[in-house]
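The values are calculated or read from the model by the stated rules, or taken from the named source; none is laboratory data. Note that this is a predicted model, so its numbers are computed, not measured. No Cβ is skipped: glycine too gets one built from the backbone with ideal geometry, and neighbour counts run over all protein chains shown.
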Amino acid sequence: MGERRLYDRNFKEKAVQLGYKIGLTKGARELGIKPPLMTRWRQEFLEFGTASFCGRGNWRLNKEQAEFSKLKRKLKNELKESELKLEIFKSASKYISESNLTIYDFIKKHSDKYTITKMCKVLGTDKTTFDKWKSQTISQRQHRVNLLQKEITSIFYEFRELYGGAKITAELQSRGFKIKTGQVCIHMRKLGLVSKIRRNYRLKTNSLNSPYKFPNILNQQFTFEEPCKAWISDIARIQTSNGFLFVTIIMDLYDRKVIGWNLSTGLTINETTMPAWEMAVNKRKPENGLIFHSNRGIQYANKIFSHKLDSYKFIRRSMSRIGNHSDNAVSESFFKSFKSELVNLNMLFTRKQMQEKISEYFENL
């Protein structure tokens, strides 16, 4: 058996370089060594780099050297990752302050340079949402309109339905949108968004012109010891991705239970107050002395609904005073809690999805 040959570090490094240049088998033949040796040296060089081949004839590093080399590679990879993130962030910096849609545009345009997953992570964008946006067939202009309308709706409800076109415009501009008040007002009309301040004025006008208005006999007495002594009713509007839904409720002040409700896409009497009333009287039979309290909206101050309630003879009507929100404190408190549980300002549900959520909500009350 021949004596085992030992190769120094310099020889091994040159052998690896030669293997890269002309191939492992040919390099091994020229150096007069076996190809498996060349393969093993290359593997070690790929694993440990310049820290390879420590000690004569020993191709494995000791434990400390191996851990140091591993840490070095880890730090190198982390540095490379940080540099990549910084590069993506710098490239997208002018888009970040504008809107999600412009970020989506950036991701789509740079998908040949960076991975979509990496860009979404760096820019704080949900990849699933981006994929849905990318798969849509509507035009870029419509995408921008949809995004703008979502922002307008979000601001409107964020500021408790008090902001009108001018204030929403200012808020949009502070968020990087270039838009004028007239354009915002057009979108608000399309979305059916009306400031509470303006809405109160419109309610006053409707009430004064209606012969079916009633004084406030409930007078903010919201506690009763027996059922069917006082019912209150109100209507709330819920924004969805494809239009509004309107929720009509009737609540018994005895136990604050919603005893009648209806969900609709319109505001006619047959879509709001009438079906809610029918449900309420089926659940709890009204008795002598019942007070029915509501706001002065046209769904309550009208001939059809008034005649319906008058047919019970013993029901007394009560309506909130103009501009006095305290008269509807209980219903407003209910809808505030209701919306906080069901409405997500970061994502608009479709009408069908919201209908399912609302139905489940009332069925589990």
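Restricting the search to helices (runs of 4 or more DSSP H) fully inside segment 255-365 and requiring at least 2 residues that are under 26 Å from residue 158 (Cα atoms) and in contact with a Ser or Thr (Cβ under 8 Å, 6 or more places away or on another chain) gives 351-363. Screening segment 132-161 for residues that are hydrophobic (A, V, I, L, M, F, W, C) and either surrounded by 12 or more Cβ atoms within 10 Å (Cβ to Cβ) or touching a Phe, Trp or Tyr at 6+ places or on another chain (Cβ under 8 Å) (or both) and picking the one that is nearest to residue 238 (Cα to Cα) gives 156.
To keep it simple, each residue is scored yes or no on (1) touching an Asp or Glu at 6+ places or on another chain (Cβ under 9 Å); (2) within 19 Å of residue 354 (Cα to Cα).
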residue: 233; (1), (2): no, no
residue: 239; (1), (2): no, yes
residue: 242; (1), (2): no, yes
residue: 257; (1), (2): no, no
residue: 260; (1), (2): yes, yes
residue: 264; (1), (2): yes, yes
residue: 277; (1), (2): no, no
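Residue by residue, here is whether (1) among the acidic types (Asp, Glu); (2) under 26 Å from residue 228 (Cβ atoms); (3) outside the structural domain of residue 219 (by TED's automatic domain parsing); (4) touching a helix residue (DSSP H, G or I) at 6+ places or on another chain (Cβ under 7 Å) holds:
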| site | (1), (2), (3), (4) |
| --- | --- |
| 248 | no, yes, no, yes |
| 280 | no, yes, no, no |
| 289 | no, yes, no, no |
| 304 | no, yes, no, yes |
| 315 | no, yes, no, yes |
| 332 | yes, yes, no, yes |
| 350 | no, no, no, no |
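Could you please let me know if residue 238 is in contact (Cβ under 8 Å) with a residue 60 or more places away in the chain, of a type in the set (Val, Ile, Thr) and buried (at least 17 other Cβ atoms within 10 Å of the Cβ)? So residue 238 passes the test. Of the helices (runs of 4 or more DSSP H) lying entirely inside segment 106-163, those containing at least 3 residues that are free of Cβ contacts under 8 Å to residues at least 24 places away in the same chain and more than 18 Å from residue 348 (Cα to Cα) span 116-122.
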